[in-house]
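Undergrad: I'd like to ask some things about the structure below.
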Amino acid sequence: MALTYRRHGKRVMDVVLATAGLIASAPLALAVAGAVALESGPPVLFVQDRVGQGGRVFRLMKFRSMALGTPDVPSSEVGVLEVTRVGTVIRRFNLDELPQLLNVLKGDMSLVGPRPALPSQEDLIALRRKGGAEEVKPGLTGLAQVNSFDGMSAETKARYDNEYAGSVSLVGDLRIFPQTLRYLMSPPPVY
């Protein structure tokens with residue numbers, strides 16, 4: 001059963017739920033895009049290279065939450081002054097992540113899986129490769145996110161990601177969804 005889910009069911013669930021999510025969130029996404037454009041002009045989307053399944057690099061989409069010209073670094077290395085006022089709000093409620101539903105539809109990502117790493121996060125990528133997490137699609141949410149805490153190390157993230165990759169199942173994914181809602185309602189962690 002878990003193998004069937006992993007091979008086929010997970011993708012079906014991704015397409016159905018991402019499509020429903022895009023439709024349901026369309027008015028909110030338009031409002032976010034408008035707010036970003038009004039505050040700091042176009043572009044409203046931030047597109048960034050990320051490492052996906054099998055080490056393949058893909059283009060991840062987000063609503064832009066930082067000032068134009070901000071260096072392309074992990075969130076933990078971005079200064080508070082570089083995050084826009086609108087960016088502060090949309091990041092607090094993870095609304096900047098809404099365009100990633102398009103990445104899910106394209107097949108670059110899944111709803112649940114390890115968060116996609118930046119190519120510069122070599123330690124995390126190596127730990128995931130060693131533990132098997134590189135073999136699953138990255139996700140909008142995952143085991144590391146629902147267990148996150150301030151200052152989580154690459155080793156801890158990779159341990160959660162590798163644990164998830166070794167036990168992908170419908171039941172596991174369905175457990176992560178409500179935990180994600182709880183995560184979204186709490187202040188975001190500082191990595």
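The values are calculated or read from the model by the stated rules, or taken from the named source; none is laboratory data. Computed from a predicted structure; not experimentally measured. A quick note on method: Cβ atoms are made from the backbone with ideal geometry, for glycine too, and the neighbour counts reach across all protein chains shown. The area values use the complete protein model at the heavy-atom level, side chains included, leaving out ligands, DNA and RNA. Shrake-Rupley method; radii C 1.70, N 1.55, O 1.52, S 1.80 Å.
Undergrad: For segment 118-145, what are the residues that are under 27 Å from TYR5 (Cα atoms), in contact (Cβ under 8 Å) with a residue 40 or more places away in the chain and buried (at least 17 other Cβ atoms within 10 Å of the Cβ)? Walk me through how you get there before you give the answer.
TA: Taking segment 118-145 first, the residues under 27 Å from TYR5 (Cα atoms) are 124-145.
Then drop every residue that is not in contact (Cβ under 8 Å) with a residue 40 or more places away in the chain, which leaves 125, 129, 134-138, 140-141.
Those that are under 27 Å from TYR5 (Cα atoms), in contact (Cβ under 8 Å) with a residue 40 or more places away in the chain and buried (at least 17 other Cβ atoms within 10 Å of the Cβ): ILE125, GLU134, VAL136, LYS137, PRO138, LEU140, THR141.
Undergrad: Follow-up. So which residues in segment 171-188 are at pLDDT 90 or above and open to solvent by less than 70 Å² (accessible area, probe 1.4 Å)?
TA: GLY172, ASP173, ILE176
Undergrad: List, please: which pairs have Cβ atoms under 8 Å, are six or more places apart or on different chains, and start with a residue in segment 2-25 that is farther than 15 Å from LEU98 by Cα and end with one that is open to solvent by 50 Å² or more (accessible area, probe 1.4 Å) and modelled with pLDDT of 95 or more?
TA: Correct list of pairs: empty, since none qualify.
Undergrad: Still on this structure: So, in segment 126-152, exactly how many residues are at pLDDT 90 or above and not in a helix (DSSP H, G or I)?
TA: As a first pass, look at segment 126-152 and keep what is at pLDDT 90 or above: 126-143.
If we keep only those that are not in a helix (DSSP H, G or I) as well, we get 132, 136-142.
Going through segment 126-152 one residue at a time, the tally reaches 8.
Undergrad: Now for a different question. Of all residues in segment 80-112, which are surrounded by 15 or more Cβ atoms within 10 Å (Cβ to Cβ) and either among the polar types (S, T, N, Q) or at positive phi (or both)?
TA: Matches in segment 80-112: THR84, ASN94, GLN100, ASN103, SER110.
Undergrad: Can we say ARG56 is open to solvent by 30 Å² or more (accessible area, probe 1.4 Å), closer than 23 Å to GLY166 by Cα and in contact (Cβ under 8 Å) with a residue 12 or more places away in the chain?
TA: Judged against the criteria, ARG56 is not a match.
Undergrad: Within the set of pairs 6 or more residues apart or between chains, which connect a residue that is touching a residue at least 12 places away in the same chain (Cβ under 8 Å) and assigned to a loop (DSSP other than H, G, I, E, B) inside segment 30-43 to a residue that is surrounded by 13 or more Cβ atoms within 10 Å (Cβ to Cβ) and basic (Lys, Arg) with Cβ atoms less than 9 Å apart?
TA: From residues that are touching a residue at least 12 places away in the same chain (Cβ under 8 Å) and assigned to a loop (DSSP other than H, G, I, E, B), the pairs are PRO43/ARG64.
Undergrad: May I pose another question? What is the one condition in (1) outside any helix (DSSP H, G or I); (2) modelled with pLDDT under 90 that GLN48 does not satisfy?
TA: (2)
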